[in-house]
Amino acid sequence: MGSESKSRESALSGSWEVIKIVLQAFVLALIIRNFFYQPFNIPSGSMKSTLLVGDYLFVSKLSYGYSRYSFPFGLNLFSGRVFAGEPKRGDIIVFKQPLDNSTDYIKRLIGLPGDTIQMRAGVLYINGKAVPKRRVADFVYRNRFGSVIRVPRYEETLPEGRKYFVLDEEPNGGLDSTIEFKVPPGKYFMMGDNRDDSQDSRKMDVVGFVPYENLVGRAEIIFFSADESSSLLEPWRWPFTIRWGRIFQMVR
């Protein structure tokens, strides 16, 4: 009996150790997600060719400090931001859509408070000056029917010298020419890199100006990426749908 009792105690002790490890790992994961790095996946093509549908990112919450929207459910524990950091023009940022304060969007920061922003015939103007736009190699991909699609791609250079690529799939598209926007204090102007297919600050009734409080964090690194054609129901195709070359790419 003594030996059976000891075996039971040993089994219970082992089970409790496993439970403690799982609980500690869960608490650690919650702390990392809420205070340091939050995973985020790309649901749309608005940031092509920089970010693709099926990319999974880590978003740094340390970059701009914390607001109520840094935490689950947007609990109104405090107003404004604590440990605040200033975003830089050109940062790729996850933010809460201002009209509902709950939907996550990801775009590039183009306009800072006090800036004027305008698109004229596909050229971006910041404070009345054209942002240099240089034609580079096309962005090439296959659509869901297997056809090869080529999209004109350009390199833009912001006033601070930061460079990145944008797509212009539709010359003289509906968002290629806009009114001049004046960014209010405490707000930011966001745009997608896929200029003809992005719901962003150019659409005042959809996104508009983004309050500082709504910033969640800065996109830092792609930790996984899979082609849009991948499916949970076809595990035998997984190794062939992973975009191995995008894994551990820094987001710029």
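Key figures
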read-out: Accessible area (Å², 1.4 Å probe, nearest 10) - residue 123; value: 40 Å²
read-out: Whole-percent carbon and sulfur share, accessible surface of the stretch 100-168, 1.4 Å; value: 51 percent
read-out: Area accessible to solvent at residue 190, 1.4 Å probe radius, in Å²; value: 0 Å²
read-out: Accessible surface ranking that places the most exposed of 115, 227 first, with a 1.4 angstrom probe; value: 227, 115
read-out: Length released on extending from residue 127 to residue 88, taking residue separation times 0.36 nm less the Cα-Cα span; value: 12.4 nm
read-out: Potential lengthening between residue 199 and residue 137 on full extension [0.36 nm per residue; Cα-Cα distance subtracted]; value: 19.8 nm
read-out: Exposure rank, largest accessible area first [95, 165, 71, 83; 1.4 Å]; value: 83, 165, 71, 95
read-out: Largest to smallest accessible area among 169, 213, 156, 86 [probe 1.4 Å]; value: 86, 169, 213, 156
read-out: Computed accessible area, residue 81, all protein chains, 1.4 angstrom probe, square angstrom; value: 40 Å²
read-out: Chain lengthening between residue 104 and residue 53 when straightened (0.36 nm per residue, less Cα-Cα); value: 16.9 nm
read-out: Three-way shape label, the stretch 52-161, alpha-carbon gyration tensor, a/c 1.5; value: oblate
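The values are calculated or read from the model by the stated rules, or taken from the named source; none is laboratory data. The shown structure was predicted, so the numbers you read here are calculated from the model rather than taken from an experiment. Quick note on the areas: whole protein, heavy atoms, side chains included, nothing else; ligands and nucleic acids left out. Shrake-Rupley method; radii C 1.70, N 1.55, O 1.52, S 1.80 Å.
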